[in-house]
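Undergrad: Got a structure here, written out as structure tokens. Questions coming.
Values quoted throughout were computed directly from the atomic coordinates according to the rules given, and no laboratory measurement underlies them. A quick note: this is a predicted structure, and the numbers were derived from the prediction, not measured. Here the Cβ positions follow ideal geometry from the backbone for every residue, glycine too, while neighbour counts run over all protein chains shown.
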Ligand SMILES: [Mn+2]
């Protein structure tokens, strides 16, 4: 049996889609395969996505199982059910472990900088000439994973290949024209139901040498202005409880911007050294949106005074 699986902490929509759609392709090609995971989906696997009924399968380990890793290549972070020596293929878009896997697996390691791992799985379907036979749920999952991981095609890792894959997949997926908006609104609703959980789930701590605020949270929503209007007090209260130097980066898909929320003056001053910002009521707008890892790059490149 070939087991298609991903990371250990949680499944985002990209990992979720890749497992299911790649297992379907292998089965169609006569290779017995299952999508298996010990991890739970996170808020990017929205209620509508779950309603499509594509599911992971039960798994009883057998000695000669082979493993395919999707959307993960860091061997400290993959699902505990994986037997490292029995990994036969890796499909991923996270940097850092390309050489390790290339030496181990040769061309069976497909790790490339691209918006979504789902785009790489789409390319497998296309190369096999089987795209006309992909199921509706698998096409919809891969398309939604591309939307999410590319921040609706505004993220810096987005490529032409992601755009093309999405165009071809939506034709097979029977998705509504306003699906991107509906999807990101659903994710926002899930965040708003458990705001503190969402803040905690994507919070990183930096030391002062990074030139970033020491507590740095990030979230992706449809409408950042709406979120901040409704929940600003709760957010500020919770963030202040994490430290005296903090920032929340709210990525707003609707308008392709980042809202940086930082109440402490020291945090605003740190950010002012990285890029020109205008603060109004502790919020500064950055357009186009920026990811935390892009701000980190600015901080690390800053020469100490
Ligand atoms: Mn991904």
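Undergrad: If I take R0 = 45 Å and measure r between the Cβ atoms of residue 205 and residue 182 in this structure, what FRET efficiency does the formula 1/(1 + (r/R0)^6) give, to the nearest 0.05?
TA: Details: r = 34 Å, r/R0 = 0.76.
Efficiency, rounded to the nearest 0.05: 0.85.
Undergrad: According to a simple spin-label model (label point 7 Å from Cα along Cα-to-Cβ), what is the distance in nm between residue 84 and residue 229?
TA: Between residue 229 and residue 84, the label points sit 5.2 nm apart.
Undergrad: Beyond 12 Å, what share of the Cα-Cα pairs of segment 166-213 remains, rounded to the nearest whole percent? Walk me through the numbers on the way to the answer.
TA: Values: 834 of 1128 pairs.
Beyond 12 Å sits 74 percent of the P(r) for segment 166-213.
Undergrad: Would you order 236, 19 from fewest to most other beta-carbon atoms within 10 Å of each residue's own beta-carbon?
TA: Arranged by neighbour count, lowest to highest, 236, 19 become 236, 19.
Undergrad: Moving to a separate point now. Please give the FRET efficiency for residue 280 paired with residue 301, using the beta carbon to beta carbon distance and R0 = 30 Å, rounded to the nearest 0.05.
TA: Efficiency, rounded to the nearest 0.05: 0.65.
Undergrad: Based on DSSP H runs of at least 4 residues, each adding -39500 (n - 2.57), what is the mean residue ellipticity at 222 nm of the chain after dividing by all its residues, to the nearest 500 deg cm²/dmol?
TA: Value at 222 nm, helices only: -12500 deg cm²/dmol.
Undergrad: Order of 110-116, 57-63 by packing, highest average Cβ count within 10 Å first?
TA: Highest-to-lowest ranking by the protection proxy: 110-116, 57-63.
Undergrad: Please give the helix 179-193 orientation as an angle from the longest Cα principal axis of the chain, in degrees from 0 to 90, rounded to the nearest 10.
TA: 60 degrees
Undergrad: Same structure again: Quick check: residue separation of residue 133 and residue 244 times 0.36 nm, minus the Cα distance between them. What number comes out in nm?
TA: 34.5 nm
Undergrad: In 10 Å bins starting at 0, how do the alpha-carbon pair distances of segment 194-301 split up by percent?
TA: Percent of Cα pairs in each bin: 15, 54, 29, 1.
Undergrad: Restricting things to alpha carbons, tell me how big segment 2-184 is in terms of Rg and Dmax, in Å.
TA: Considering segment 2-184 through its Cα atoms, Rg and Dmax are 15.1, 46 Å.
Undergrad: What are the principal axis extents of the Cα atoms in segment 199-254, in Å, biggest first?
TA: 33, 22, 18
Undergrad: Using mean Cβ contacts within 10 Å as the protection proxy, how do 254-264, 278-288 order, highest first? Don't skip to the end; give the middle numbers.
TA: Numbers: 254-264: 19.7, 278-288: 13.7.
Per-residue Cβ counts within 10 Å, averaged per peptide and sorted highest first, yield 254-264, 278-288.
Undergrad: Which angle between 0 and 90 degrees, to the nearest 10, do you get for helix 13-28 versus the longest principal axis of the chain when only C-alpha atoms count?
TA: The answer is roughly 10 degrees.
Undergrad: Oh, and also: With a bin width of 10 angstrom, please list the P(r) values of segment 9-117 as percents of all Cα-Cα pairs, from the 0 bin to the one holding the largest distance.
TA: The distribution over segment 9-117 is 13, 47, 34, 5, 0, given as percents.
Undergrad: Would you mind getting the Kirkwood hydrodynamic radius of segment 244-305 from its Cα pairs, rounded to one decimal in Å?
TA: Numbers: mean 1/r = 0.0837 Å⁻¹.
Roughly 11.9 Å, rounded to one decimal.
Undergrad: Using a simple spin-label model with points 7 Å from Cα along the Cα→Cβ vector, what separation in nm is obtained for residue 167 and residue 107?
TA: 2.7 nm
Undergrad: Right, next: Please state the relative contact order of the chain as a whole percent: Cα pairs under 8 Å, 6+ residues apart?
TA: The normalised contact order for the chain reaches 13 percent.
Undergrad: More than 16 Å apart: what percent of Cα pairs in segment 86-209 qualify? Before the final figure, lay out the partial values.
TA: Details: 5254 of 7626 pairs.
Counting every Cα pair in segment 86-209, those more than 16 Å apart make up 69 percent.
Undergrad: Going by average Cβ neighbours within 10 Å, how do the peptides 134-144, 68-78 rank, with the highest at the top?
TA: 134-144, 68-78
Undergrad: Compute the Rg to Rh ratio over the chain from the alpha carbon atoms, using the Kirkwood formula for Rh, and round to two decimal places.
TA: 0.99
Undergrad: Wrap a convex hull around the Cα atoms of segment 1-67, take a quarter of its surface area, and give that in square nanometres.
TA: Average of the hull's projected areas for segment 1-67 equals 4.5 nm².
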